[in-house]
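One structure below.
The values are calculated or read from the model by the stated rules, or taken from the named source; none is laboratory data. The structure presented is a predicted model; accordingly, all values stated were derived computationally and were not measured. Ideal geometry is used to build each Cβ from the backbone, glycine not excepted, and the neighbour counts take in all protein chains shown. Heavy atoms of the whole protein, side chains included, go into the accessibility calculation; ligands, DNA and RNA do not. Shrake-Rupley method; radii C 1.70, N 1.55, O 1.52, S 1.80 Å.
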Amino acid sequence: MAKRINVFQPTDSSKNTTALPRNCSFNETDWSILAGFWHPVAYAHEVTDKPMPAKLLDVELVIYRTSNGIGVARDICPHRGTRLSGGWVKDDRIVCPMHGLCFDHSGACTKIPSVSDANARIPPRMRLQSLLNEERYGIIWACLSETPSHALPDWPGIGDPNLKNLHIPSGTWAAAASRHVENFNDVAHFPFVHKETFGGYESDPIPNYEVIATDYGLTFDLPYLEEGNRFPDDIEGHERHVTYTYQLTLPFSTIIIIKPDEGPYAQYFADTVCPVSARETRIFQVVTDTSGEPDADFLIKESQMVNNEDKAIVESQRPEDLPLDLKDEIHIPADRMSVEYRRTLARLGLGAPFSS
């Protein structure tokens, strides 16, 4: 039987409003929990003089810039439901492309062109559904909740004003955000998936490591032998002993501090993702190092190569959703981080059990 589609909204729909977007691809409980976190929605340099569309947790957003900073709102005009991302910014206000209604940085409607009386009262409800947003590390972060449940990531190195950050061109993966994050924190796949970039030797076992719970998420240190020498520290050698320090901020942000064992050089590589929908994820990455002038050509090219090596693997994983029941898959010792990540997500209330 064909699915029935409503031609009209119910006459009492205003009594049953919900923050959940139409055709939401997430479980309602998962959506409500994730809506309380900060998520990246754009690089700051992408937001220019035109409204920019974005999507977070199936919610369509518009991002726009005014003299007061960047505004983020649901991409819908409160008048007739037109997408504001199809409009423009004029006189420091975002303008609806259908009837020309103007909205300021706070989301308040300041002008209705079809009303002849310039002093006419504009209904207070005629305002955008604005979101909390913040610019940090050259990324625009947004939260769908009025009160964020957790703080933004605090990234060492990336947040150092004396170091120069590079922003890796963003890409979108046909995979769950949690699948990407788990892969980014997985260490046993290096010699097999990343043999053309930084992977070590296939015969080298992964050393034991301890995962530590923090107030922001999880962290661990891993000593590793890289095959090749990709660091601009003038230390020669075909291979390098390094230590990776992973810091995962729940739910989907990780920074890796990469430090060769010889010398003072260190690299900082941050990865955070926007859960566009349950199985679509936009990747944001920022990298810097202690050289003072990171090699943009090399680091951006290498990062894109690493992402491409991972992308096909992650998109092919089944089930597409991350299993939070630890009995669903078989684990190996190198999976310590993966296991703790899944346990921590479950403690947040994600992946709630089936109701009896």
With θ taken as phi - 60° and the coefficients 6.51, -1.76 and 1.60, list the Karplus ³J(HN,Hα) couplings across the stretch 220-236 in order, rounded to whole Hz; mark glycine and proline as x.
7, 10, 9, x, 8, 9, 8, 8, x, 9, 10, 9, x, 10, 6, 9, 7
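Determine the per residue accessible area of the stretch 44-198 with all protein chains present and a 1.4 angstrom probe, expressed in square angstrom.
Working: 7500 Å² over 155 residues.
I get 48 Å² per residue for the stretch 44-198.
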Once the dipole of the stretch 90-153 is set up with Lys and Arg at +1 and Asp and Glu at -1 on Cβ about the Cα centre, which of M126, S116, W141 lies farthest towards its positive end?
S116
Any chance you could give the angle, 0 to 90 degrees and rounded to 10, that helix 296-315 forms with the longest Cα principal axis of the chain?
80
Which residue fluctuates most in the GNM of the chain (Cα springs below 10 Å): S32, S14, S203?
S14
Choice from P148, P223, P207 showing the highest fluctuation, given a GNM over the chain with Cα pairs closer than 10 Å
P207
Charge dipole (debye, nearest 20) of the chain; +1 at Cβ of Lys and Arg, -1 at Cβ of Asp and Glu:
2560
Heavy atoms of E262 accessible to a 1.4 Å probe, total area in Å² rounded to 10:
80
In square angstrom, what is the accessible area per residue of the stretch 204-339 with a 1.4 angstrom probe?
47
The orientation-averaged projected area of the Cα convex hull of the stretch 308-356, in nm², is 4.5
Answer with a single label: of (1) 58, 57, 46; (2) 75, 46, 30; (3) 76, 55, 36, which was calculated as Cα extents along the principal axes in Å from the structure in view?
(3)
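Just to confirm the filter: which trypsin sites (Lys or Arg not before Pro) across the stretch 102-209 are DSSP coil and have at most 12 other Cβ within 10 angstrom of their Cβ? Spell out each step's value before the answer.
On the way: sites: K111, R121, R125, R127, R136, K164, R179, K195; in loops: R121, R125, K164, K195.
When the trypsin sites (Lys or Arg not before Pro) of the stretch 102-209 are filtered for loop state and at most 12 Cβ neighbours within 10 Å, R121, R125 remain.
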Please report the spacing between the Cα centers of the stretch 250-305 and the stretch 1-79 in Å, no decimals.
28
Starting from the Cα-Cα distance between D215 and E236, subtract it from 0.36 nm times their residue separation and give me the gain in nm to one decimal.
3.7 nm
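List the GluC sites (Glu not before Pro) within the stretch 215-246 that DSSP assigns to loop and that have no more than 12 neighbouring Cβ atoms inside 10 Å. List each step's numbers first, then the result.
On the way: sites: E226, E227, E236, E239; in loops: E236.
In loop regions of the stretch 215-246 (DSSP not H, G, I, E or B), the sparsely surrounded GluC sites (Glu not before Pro) are E236.
Out of all Cα-Cα pairs in the stretch 74-185, roughly what percent, to the nearest whole number, are more than 18 Å apart? Show your work: numbers first, answer last.
On the way: 4123 of 6216 pairs.
It works out to 66 percent of all Cα pairs.
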Using the charge dipole of the chain (Lys, Arg: +1 at Cβ; Asp, Glu: -1 at Cβ; taken about the Cα centre), state which of I235, C274, T344 has its Cα farthest towards the positive end.
C274
Residue order for T147, T272 - accessible surface, 1.4 angstrom probe, largest first
T147, T272
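For the stretch 278-356, with only Lys/Arg (+1) and Asp/Glu (-1) charged at the beta-carbon, what is the dipole magnitude about the Cα centre, in debye rounded to 20? If you can, show how the numbers build up before the last one.
Numbers: 10 positive and 16 negative charges, 102 e Å.
I would put it at about 500 debye.
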Quick one: 3J(HN,Hα) in Hz for the stretch 242-255, Karplus 6.51/-1.76/1.60 with θ = phi - 60°, rounded, Gly and Pro as x.
10, 10, 9, 10, 9, 10, 9, 9, 5, x, 9, 10, 9, 10
Could you work out which residue, out of P51, P78, P251, moves most in a Gaussian network model of the chain, that is, has the largest mean-square fluctuation with Cα springs under 10 Å?
P78
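What value, in deg cm²/dmol to 500, does the helix sum -39500 (n - 2.57) over DSSP H runs of n ≥ 4 give at 222 nm once divided by the residues of the chain?
After summing the helix terms and dividing by the residues of the chain, the value is -4000 deg cm²/dmol.
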Taking the Cα centre of the stretch 206-356 as origin, work out the dipole magnitude from +1 charges on Lys and Arg Cβ and -1 charges on Asp and Glu Cβ, in debye rounded to 20.
820
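With a sphere of radius 12 Å drawn around the Cβ of V193, what net charge do the other residues whose Cβ falls strictly inside it have (Lys, Arg +1; Asp, Glu -1)? Don't jump to the answer; show the numbers that get you there.
On the way: positive: K195, K311; negative: D186, E196, E202, E309, D310.
With Lys, Arg at +1 and Asp, Glu at -1, the net is -3.
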Largest-first ranking of T254, T172, T214 by accessible area, probe 1.4 Å, whole protein assembly kept, is T172, T214, T254
Taking Cα pairs closer than 8 Å and at least 6 residues apart, the relative contact order of the chain in percent is 17
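Roll a 1.4 angstrom probe over the protein heavy atoms and tell me the percent of accessible area of the chain that is carbon or sulfur. Write out the running numbers ahead of the final one.
Details: 9420 of 18700 Å².
Here carbon and sulfur together make up 50 percent of the probe-accessible area.
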Just name one of S303, P353, P319: the one whose Cα is farthest towards the positive end of the charge dipole of the stretch 285-356 (beta-carbon charges, Lys/Arg +1, Asp/Glu -1).
P353
